[in-house]
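What follows is a short report on a single structure.
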Amino acid sequence: MDLRFVLACLKINNNLERTGDIADGIAKFVLNIKLEPAQQLVANTRIKEMYDTGIEMLKDVMTAFEKEDTSIARTVLKRMKY
C-alpha cells in the first residue's frame, strides 16, 4: 500500500509539472501576440471557462487526496471531457 501511494504521488507530480509546462507555453504565446487578436482568441477558445473548470477540478482532486476519498476523485473523472 505504501509503494502504491508513493507511485501515485510521483505520477501526480509528473502530471502537474507537465501541466505547468503547457501553461507556461500558452502564457508565452499569448504575450507574443497583439492585444486585439488575443481577446478574440480567448473568446473563441473559451479558455476562461476551461481555466475555471480546471481550477475547480484541481481543488476537488486535492480534497480527495487529503481526505483519501475515492468518491470525490470519481466525480472529477466524470467531469473530464475528451
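Here are the numbers for this structure:
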{"read-out": "So residue 23, is it assigned by TED's automatic domain parsing to the domain that holds residue 1, among the hydrophobic types (A, V, I, L, M, F, W, C) and either under 14 Å from the mean Cα position of the chain (by Cα) or assigned to a helix (DSSP H, G or I) (or both)", "value": "yes"}
{"read-out": "Members of the range 22-46 that are among the charged types (D, E, K, R) and surrounded by 10 or more Cβ atoms within 10 Å (Cβ to Cβ)", "value": "24, 46"}
{"read-out": "Residues within the range 26-76 that are among the aromatic types (Phe, Trp, Tyr) and in the same structural domain as residue 5 (by TED's automatic domain parsing), tallied", "value": "1"}
{"read-out": "Residue check, residue 17 modelled with pLDDT of 85 or more, assigned to a helix (DSSP H, G or I) and not hydroxyl-bearing (Ser, Thr, Tyr)", "value": "yes"}
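The values are calculated or read from the model by the stated rules, or taken from the named source; none is laboratory data. Please read these numbers as outputs of a predicted model, since none were measured by experiment. With ideal geometry, Cβ positions are generated from the backbone for all residues, glycine too; neighbour counts draw on all protein chains shown.
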